[in-house]
Amino acid sequence: MSESLAPGTSPVRPGAEAFFSPGGRVGVLLSHGFTGSPASMTPWGRLLAEAGHTVSVPRLPGHGTTWQEMNTTTWRDWYGEVDTALTDLREQCDWVAVCGLSMGGALALRLAEQRPDEVDALVLVNPAIALKRLDLKLVPLLSRVLPSIGGVSNDIKKPGQDEIAYSRTPLKALASQLQLWRDVRENLDRVTAPLLVFRSTDDHVVDETTVGLVMEGVSSGERELVELNDSFHVATLDHDAEFIMERSAQFIADHAPGA
């Protein structure tokens with residue numbers, strides 16, 4: 001899928017392009033994570049498209065180009081992209097599931113909070129809305145004097161995989177992500193959609209804090225936590241990727257009318 005670029009923006013890295021596949025009346029929206037790109041979600045999206053679903057994997061603003069460009073964007077830009085993608089899917093589909101990896105999980109949760117009648121199911125992989133790390137409290141201050149710090153990309157156990165993410169973490173963008181997390185945490189009880197969560201037991205980016213908050217905080221009548229024992233953070237490209245794809249496809253088939 002080709003993308004038109006706004007004036008002044010950097011070219012999209014090969015493989016980091018958005019993905020869209022028209023299909024049936026069941027839609028699936030998949031969101032990648034912070035500093036990542038659609039490359040981490042497109043294989044999953046392709047499998048769901050092969051099942052006949054209409055699939056959208058948007059590229060979040062500032063991602064898939066340069067970390068410097070990402071530093072000019074905020075969580076409202078990223079959320080606006082998935083919000084628009086959901087609107088587009090709802091115009092074509094009768095039922096929509098939203099899936100998210102890491103920060104994409106936070107964006108998926110916010111969609112379910114703000115548009116509960118339009119998010120029919122949620123699938124989250126190593127979602128992030130909180131961390132134990134105390135140094136995060138320094139990020140708003142550091143972001144005023146430092147443009148970036150070392151990155152957290154490609155936390156993948158399986159050799160040869162690449163999520164096409166940044167090697168640096170843009171600090172202004174990170175400070176904005178923390179604001180997103182706070183907003184999502186405050187409204188978890190608004191989430192009512194059936195929920196499937198995958199969590200890697202060996203994750204070097206996100207600890208267990210988020211999963212506990214989500215599983216206890218949402219109002220979903222159905223919520224299931226599945227542990228992944230052979231993957232790191234970017235589990236959608238790791239050894240458990242096939243399991244995630246097949247299990248989520250079954251979850252969608254179990255809940256979507258006529259799937």
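The values are calculated or read from the model by the stated rules, or taken from the named source; none is laboratory data. In this text the structure is predicted, and so the values were computed from the model without any measurement. Note that we place each Cβ from the backbone using ideal geometry, even for glycine, and neighbour counts take in every protein chain shown. Accessible surface areas use protein heavy atoms only, side chains included; no ligands, DNA or RNA. Shrake-Rupley method; radii C 1.70, N 1.55, O 1.52, S 1.80 Å.
Here GLY258 fulfils each of the conditions (1) modelled with pLDDT of 95 or more; (2) outside any strand (DSSP E or B) apart from (1).
Residues of segment 81-114 that are touching a strand residue (DSSP E or B) at 6+ places or on another chain (Cβ under 9 Å), within 25 Å of SER200 (Cα to Cα) and open to solvent by 10 Å² or more (accessible area, probe 1.4 Å): SER102 alone.
Annotation: of all residues in segment 127-161 being open to solvent by less than 40 Å² (accessible area, probe 1.4 Å) and either part of a helix (DSSP H, G or I) or touching a strand residue (DSSP E or B) at 6+ places or on another chain (Cβ under 6 Å) (or both), the one that is farthest from THR201 (Cα to Cα) is SER148.
Being assigned to a helix (DSSP H, G or I) and hydroxyl-bearing (Ser, Thr, Tyr) holds for only one residue in THR73, THR87, THR35, THR9, and it is THR87. When segment 35-80 is limited to residues that are among the hydrophobic types (A, V, I, L, M, F, W, C), within 12 Å of PHE19 (Cβ to Cβ) and open to solvent by less than 20 Å² (accessible area, probe 1.4 Å), the one that is farthest from the chain's Cα centre (by Cα) turns out to be LEU48. The number of residues in segment 212-235 being outside any loop (DSSP other than H, G, I, E, B) and out of contact with any Pro (no Cβ under 7 Å at 6 or more places or on another chain) comes to 12.
Could you look through segment 165-179, keep only residues that are crowded, with 22+ Cβ neighbours inside 10 Å and part of a loop (DSSP other than H, G, I, E, B), and pick out the one that is farthest from the chain's Cα centre (by Cα)? Ranking the candidates gives TYR166 first.
Within the option set LEU122, LEU196, being over 16 Å from GLU227 (Cα atoms), in contact (Cβ under 8 Å) with a residue 24 or more places away in the chain and open to solvent by less than 20 Å² (accessible area, probe 1.4 Å) holds for one residue only, LEU122.
Candidates in segment 199-222 are the residues that are open to solvent by 20 Å² or more (accessible area, probe 1.4 Å) and in contact with a helix residue (DSSP H, G or I) (Cβ under 6 Å, 6 or more places away or on another chain); of these, the one that is farthest from THR35 (Cα to Cα) is SER219.
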